[in-house]
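In what follows, a structure is listed as structure tokens, so that the remarks can point back to it.
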Amino acid sequence: MTAASLAFAMQGAQAVELNLQTNKVGAEVQPTMYGIFFEDINYGADGGLYAEKIKNRSFEFPQALMGWQAYGNVKVMNDGPFERAPHYVRLGDPGHGHKHTGITNEGFFGVSVEKDAEYRFSVWARVPQGGEAKIKVELIDPKTMGESQNKGDKTITIDSKEWKKYTAVITPSETIKEGQLRIFLVKPEKAEVDLEHVSLFPVDTWKGHENGMRKDLAQKLYDLHPGVFRFPGGCIVEGTDLDTRYQWKNTVGPVENRPTIENRWHYTFPHRFFPDYFQSNGLGFYEYFLLSEEIGAEPLPILNVGLSCQYQNNVPEAHVPVDQLDPYIQDALDLIEFANGDVTTTWGKLRADMGHPEPFNLKVMGIGNEQWGPEYVERLEKFLQVLRKEHPEIKYVGSSGPNSEGKDFDYLWPEMTRLDADLVDEHFYRPEKWFLEQGARYDNYDRKGPKVFAGEYACHGKGKKYNHFNAALLEAAFMTGLERNADVVHMATYAPLFAHVDGWQWRPDMIWFDNLESFPTASYYVQQLYATNPGTNALPLTGKDGKPLTGAEGQDGIFASAVLDGASGEYVVKVVNTGETEQPLTINFNGLKKKEGIVGATVTTLHADDPLAENSLEKPNAVMPAMERMAIDNRQDWTTVIPAKTFKVYRFQKK
Ligand code: AHR
């Protein structure tokens, strides 16, 4: 607090009153309350979190050499060793006048590597005629070509007529931001070599997994302290049509044998058209479950309910008839077995074979993404009839459609109550005004019905590029309403999570990256401040009018909520000043015993002078929280000042 602000507060300027009822411990804040939504949008998986650097590594895109440049004598073959990914290339004699036969991969917006870091190259290969042949593997920078090539390159001898996996670790002698991987046949020049599943990963992935995640991005997820991890989306669950829907069984087992599938986001927005955006499924359901475990979050898979994307398919024939849902329901049953079954079961055994004999402890599952209408309800009902009988221990999430209110929403909520869904997934991508008006959204929800999962939300502020501070501030304000209603809101996940600065389709997003670096947005810090200060139980907090502070008229743009941290005994008060002027605040700690008082506080502040301020690759720390410790002289009330446009988290210690 500045001296001038303090003076302002002390002069008795009308302070905003916050009356905290310390002795009325309320609803439990669920450990799942603040979580993560993950979808392969904006190159979030392939080209993003999934650390693979080679695009179309299995030659399975519809144009088999998309992402590759071929020269000399290269043939595409389709009788390879992996049944569900049968294509491969044959490098042969380049013929008279040609020096080399080879292929070059362009990566995802380039193949980027860092000086002196280690990269694991691997390829499945054979010499179809027998004998030996050599291939050379190089990382090249097309901008400087001659100068950069051959540094850290490797020559590999292919020595068998049978398919085998060959690996080599490459250590580049320079950083290349937008490089390429080049492989060519060295000798004998008359030889033929077959290549399949060409892969390049950093050795240093998250937790060192070979089929691993980008370390900086996974670390950012871990640092969020998420309570729940929702995957694999999003519209990805539906695809564009049933053929392109997400099928989890295609994403488990050996990575080489996982089919490639079109990513619906490659053409969803014509102004951001990415014809080379496919899903390798290298980041699949095993990896999602493992990542959930490693970042400490409950896994929350979302499954297709037998509907293709309802936006794009407005005819009943596009969906699975209600009497033919059995294979879809079986997928859900098998998924529970994959996650929780013991190693003697078919799917539990596969999980064990993949490296995780212990169950993943699945407790909650979503049926359908952002579905609507009677066509959703009748299908969900069929799923629930079977799932509830076979697996009553699992909680099931239904949908309230794509909108935060309106016709579909009003139809679906009572239907979800009728079907006894455990949670209802609400989605709202809304402008600033909406967020300012929604502080009391959950105050009057039915306390006996399904719980709320705010499963996709973000403030779409005006003037956004990546994601600006004002949008994040309003998300923080809105979230006080989630916390105050912890008895009815059990999970909330901001969306989307990731975006590549060159490959995004949708913004704002929470974490942005290029091939080498990443930066958190102000929204990331809001999520982190909530998730690291969730408390254990809600505490009543009201203004001088006896009502919760929801930014309502007469409340000076202040939103606030409070929780008790049962483990430390601290009172955690979150206050958001959305207004244009600083406000003196008096917090009254009601219900303390006579000799008790507040003796200190840890205060974390998220503020930017410019509401449109945002982080970027160039300025990753333009907006970030600051923490201070302050002593308080054993009081039952405390006065401070909250600056304009500021989010504060106060952790009060009591004596
Ligand atoms: O988060 C982006 C998209 O928004 C999701 O895929 C979809 O569920 C929603 O419409």
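The values are calculated or read from the model by the stated rules, or taken from the named source; none is laboratory data. Just so it is clear, the model here is predicted, and its values are computed rather than measured. Cβ coordinates were reconstructed from backbone atoms using ideal geometry, including for glycine residues, and neighbour counts include every protein chain displayed. Keep in mind that these areas ignore ligands, DNA and RNA; they rest on the heavy atoms of the full protein, side chains included. Shrake-Rupley method; radii C 1.70, N 1.55, O 1.52, S 1.80 Å.
I'd like to verify a number: residues in segment 216-243 that are touching a residue at least 24 places away in the same chain (Cβ under 8 Å), away from the ligand (no atom under 16 Å from the Cβ) and surrounded by fewer than 18 Cβ atoms within 10 Å (Cβ to Cβ), how many?
The number of residues fulfilling the criteria is 3.
Restricting the search to segment 485-533, which residues are away from the ligand (no atom under 15 Å from the Cβ) and of a type in the set (Asp, Glu)?
Within segment 485-533, ASP487, ASP502, ASP514, GLU517 meet the criteria.
Could you check segment 417-468 and list, in sequence order, the residues that are surrounded by 20 or more Cβ atoms within 10 Å (Cβ to Cβ) and at pLDDT below 95?
GLY461, TYR466, ASN467
Can you go through GLU162, GLU189 and tell me which one is modelled with pLDDT under 95 and open to solvent by 50 Å² or more (accessible area, probe 1.4 Å)?
Only one candidate qualifies: GLU189.
Go through (1) at pLDDT 95 or above; (2) open to solvent by 10 Å² or more (accessible area, probe 1.4 Å); (3) not assigned by TED's automatic domain parsing to the domain that holds LEU217 and name the single condition SER518 misses.
SER518 satisfies every listed condition except (3).
Just checking: which of the strands (runs of 3 or more DSSP E) contained wholly in segment 321-435 hold 3 or more residues that are within 16 Å of the ligand (Cβ to nearest atom)?
395-399, 423-430
For segment 211-231, state whether one or more residues are of a type in the set (Asp, Glu) and closer than 30 Å to ALA318 by Cβ.
Within segment 211-231, not a single residue is of a type in the set (Asp, Glu) and closer than 30 Å to ALA318 by Cβ.
Conditions: (1) in the same structural domain as ALA117 (by TED's automatic domain parsing); (2) not in a loop (DSSP other than H, G, I, E, B). ASP216 meets all but one. Number of the miss?
Unmet condition: (1).
Do you know which of the residues in segment 245-255 that are open to solvent by less than 20 Å² (accessible area, probe 1.4 Å) and not in a loop (DSSP other than H, G, I, E, B) is nearest to ARG84 (Cα to Cα)? Give the steps one after another, and end with the answer.
Here is the first cut: in segment 245-255, the residues open to solvent by less than 20 Å² (accessible area, probe 1.4 Å) are 248, 251-253.
After this cut, where a residue has to be not in a loop (DSSP other than H, G, I, E, B) as well, the list is 248, 251.
Working: TRP248: 14, THR251: 11 Å.
Ranking the qualifying residues of segment 245-255, first place goes to THR251.
Give me a count of the residues in segment 59-97 that are at negative phi and open to solvent by 30 Å² or more (accessible area, probe 1.4 Å). Walk me through how you get there before you give the answer.
Applying the first criterion (at negative phi) to segment 59-97 yields 60-66, 68-71, 73-94, 96.
Applying the additional criterion that residues be open to solvent by 30 Å² or more (accessible area, probe 1.4 Å) yields 60, 62-63, 65-66, 69-71, 73-79, 81, 83-84, 86-87, 90, 93, 96.
Of the residues in segment 59-97, 23 are at negative phi and open to solvent by 30 Å² or more (accessible area, probe 1.4 Å).
Right, TYR411: aromatic (Phe, Trp, Tyr) and more than 26 Å from the chain's Cα centre (by Cα) or not?
yes
Listed residues ARG258, ARG272; which is away from the ligand (no atom under 16 Å from the Cβ), assigned by TED's automatic domain parsing to the domain that holds ALA522 and among the charged types (D, E, K, R)?
Answer to the selection: ARG258.
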